[in-house]
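Participant: Here it is, the structure, as structure tokens.
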Amino acid sequence: MQFQQLQYFVAVAETRHFTRAAEVVHVAQPSLSQQIKALERELGADLFQRARGNITLTDAGEALLPLARRILADADTARHEVQELVQLQRGRVRLGATPSLCTGLLPDVLRAFHDRYPGIRLLIEEGGSHDLVRQLARGALDLALVVLPLPTPSPALTTVALLREDLVVVSSPDAPRPGGGRRTVAVADLEGERLVMFRHGYDLRELTVAACRSAGFEPDFAVEGGEMDAVLGFVRAGLGVAVVPRMVAARSGHGLRVTPLARPGLHRTIALAHRSDVAPPRAARELQRMLLER
């Protein structure tokens, strides 16, 4: 049974005339008649009674007609749904990002994307780069914003560098300035400072601890184990200082003192990642374009 045969059958059933039905579906009348006969052979039953030029439905034809109409309607709905998705009127994007990027980079970009494509649902997954890479690999995400270098490089992923972000030191305005009050501080100046530290698996934790050890000391944690909002809250409360991205500090500056790191400072590279073997959906590709052009 072919989709086209059902179209021809419905046209004949509705016009009760083979020639007029052929005109409706834009096909030669002999071709239409041959397809109807082929459909009848496939089903093992006559669909029309042909008597003196009068076309009526048989019992088999009456039974098939509502089913054929439903199949054709469902196909038309499917075509319409796909066209809407292609035109970015409906759909979804599953985007993973580290918590600091959700706070700093994403709000403005997602607002612009939502304004342009209000019918696209945005599903955001927060996590460390290691977790996001794993979710990308198993198809749970379309795109992910990760920190380079990846903890476990994967040839199955394509990454494109997005930006190089400076890190700064944040402290409570009520606490003494870190590094003896200078306008900038070196990583070595953090020796003796009590740090508010992120949980294990957090990219910023690994970067900060590695920088302190490279400067020749082991960092002293006042509090550890929090996510970004908790870390900033603990710093505001005066529990210690923290190293955070400049964008996060700029957005969360109320109640925080921001001190730049002296050259060469600390930086991290943010990249956009997706699976190499599967092209992201159209809506995800559009979000990818907006992120790359920001």
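Participant: If amide H atoms are built 1.01 Å from N in the plane of the peptide, which residues on other chains or at least 5 residues away come under 5 Å of the amide H of LEU239?
Facilitator: none
Participant: Multiply the residue gap between ALA210 and ALA262 by 0.36 nm, knock off their C-alpha separation, and tell me the result in nm, one decimal place.
Facilitator: Working it through step by step, the gained length comes to 17.0 nm.
Participant: Now, a different point. Could you tell me how many cubic angstrom of Cα convex hull volume region 199-275 has per residue? Can you show the working numbers first?
Facilitator: Numbers: hull volume 9.6 nm³, N = 77.
Taking the convex hull of the Cα positions in region 199-275, it is 125 Å³ per residue.
Participant: In the chain, what % of DSSP beta bridges are antiparallel (nearest 5)? Mind dumping the intermediate values first?
Facilitator: Working: 26 of 43 bridges.
In the chain, approximately 60 percent of DSSP beta bridges are antiparallel ones.
Participant: A follow-up question, please. Gain in length, HIS254 to ALA63, computed as 0.36 nm per residue apart minus the alpha-carbon separation, to one decimal in nm? Could you put the intermediate results ahead of the total?
Facilitator: Working: separation 191, 0.36 × 191 = 68.76 nm, distance 7.13 nm.
Difference between extended and current length: 61.6 nm.
Participant: Kirkwood Rh over alpha-carbon pairs of region 65-107, then Stokes-Einstein at 37 °C and 0.692 mPa s: what D in µm² s⁻¹, rounded to an integer? Show your work: numbers first, answer last.
Facilitator: Values: Rh = 13.4 Å.
So the translational diffusion coefficient is about 244 µm²/s.
Participant: Which of THR15, ALA51, GLY104 sits farthest toward the positive end of the charge dipole of region 11-162, with +1 on the Cβ of Lys and Arg and -1 on the Cβ of Asp and Glu?
Facilitator: Highest projection toward the positive end goes to ALA51.
Participant: While we're on this one: Please sort 263-272, 124-133, 241-250, 173-182 by packing, taking for each peptide the average over its residues of neighbouring beta carbons within 10 angstrom, highest first. Show your work: numbers first, answer last.
Facilitator: Details: 263-272: 15.6, 124-133: 19.3, 241-250: 22.6, 173-182: 13.3.
Ranking, from highest mean packing down: 241-250, 124-133, 263-272, 173-182.
Participant: Shape of region 106-175 from its Cα gyration tensor (a ≥ b ≥ c, root eigenvalues): rounded if a/c is under 1.5, otherwise prolate when a/b > b/c, or oblate?
Facilitator: Numbers: a/c = 2.12, a/b = 1.16, b/c = 1.82.
Cα axes put region 106-175 in the oblate bin.
Participant: About the Cα centre of region 69-190, how large is the charge dipole given +1 on each Lys and Arg Cβ and -1 on each Asp and Glu Cβ? Please answer in debye to the nearest 20. Don't skip to the answer; put the middle values down first.
Facilitator: Working: 15 positive and 14 negative charges, 42 e Å.
So the dipole magnitude of region 69-190 works out to roughly 200 debye.
Participant: Taking H placed 1.01 Å from N in the peptide plane, check which residues at least 5 places from THR98 or on another chain put their amide H under 5 Å from its amide H.
Facilitator: GLY127, LEU145
Participant: In terms of modelled amide H atoms, which long-range or inter-chain residues lie less than 5 Å from the amide H of LEU163?
Facilitator: Residues meeting the criterion, in which the H sits 1.01 Å from N, are ILE270.
Participant: Determine the share of the chain's accessible area contributed by carbon and sulfur atoms, expressed in whole percent, with a 1.4 angstrom probe.
Facilitator: Values: 7660 of 15400 Å².
Exposed carbon and sulfur together represent 50 percent of the surface.
Participant: Counting Lys and Arg as +1 and Asp and Glu as -1, each charge on the Cβ, what is the dipole of region 153-292 about the Cα centre in debye, to the nearest 20? Show your work: numbers first, answer last.
Facilitator: Working: 18 positive and 15 negative charges, 108 e Å.
Roughly 520 debye for region 153-292.
Participant: Please give the length that would be gained between ALA137 and VAL27 if that part of the chain were fully extended, namely 0.36 nm times their separation in residues minus their C-alpha to C-alpha distance (nm, one decimal). Walk me through the numbers before you get to the answer.
Facilitator: Details: separation 110, 0.36 × 110 = 39.60 nm, distance 4.84 nm.
Roughly 34.8 nm would be gained on extension.
Participant: Please calculate how many Å² of accessible area the chain carries per residue, with a 1.4 Å probe and no DNA, RNA or ligand atoms counted. Could you put the intermediate results ahead of the total?
Facilitator: Details: 15400 Å² over 294 residues.
Result: 52 Å² per residue.
Participant: Got a sec? What order do ASP76, ASP166 fall in by accessible area at 1.4 Å, biggest, i.e. largest, first? Provide the component values of the computation, followed by the final result.
Facilitator: Numbers: ASP76 85, ASP166 55 Å².
The residues order as ASP76, ASP166, largest area first.
Participant: How big is Rg to Rh over region 108-225, alpha-carbon atoms, Rh as the Kirkwood inverse-mean-distance radius? Intermediate values should be presented prior to the final figure.
Facilitator: On the way: Rg = 18.2 Å, Rh = 17.3 Å.
Here Rg/Rh amounts to 1.05.
Participant: Run the numbers on region 1-100 and let me know its relative contact order in percent, using alpha-carbon pairs under 8 Å that are six or more apart. Let's see the in-between values first.
Facilitator: Values: 70 pairs, mean separation 22.9, N = 100.
Normalised by residue count, the contact order of region 1-100 is 23 percent.
The values are calculated or read from the model by the stated rules, or taken from the named source; none is laboratory data. None of the values given here were measured: they were computed from a predicted structure. Positions of Cβ are generated from backbone atoms using ideal geometry, with glycine treated the same way; all protein chains shown enter the neighbour counts. Surface areas here come from the heavy atoms of the whole protein model, side chains and all, with no ligands, DNA or RNA. Shrake-Rupley method; radii C 1.70, N 1.55, O 1.52, S 1.80 Å.
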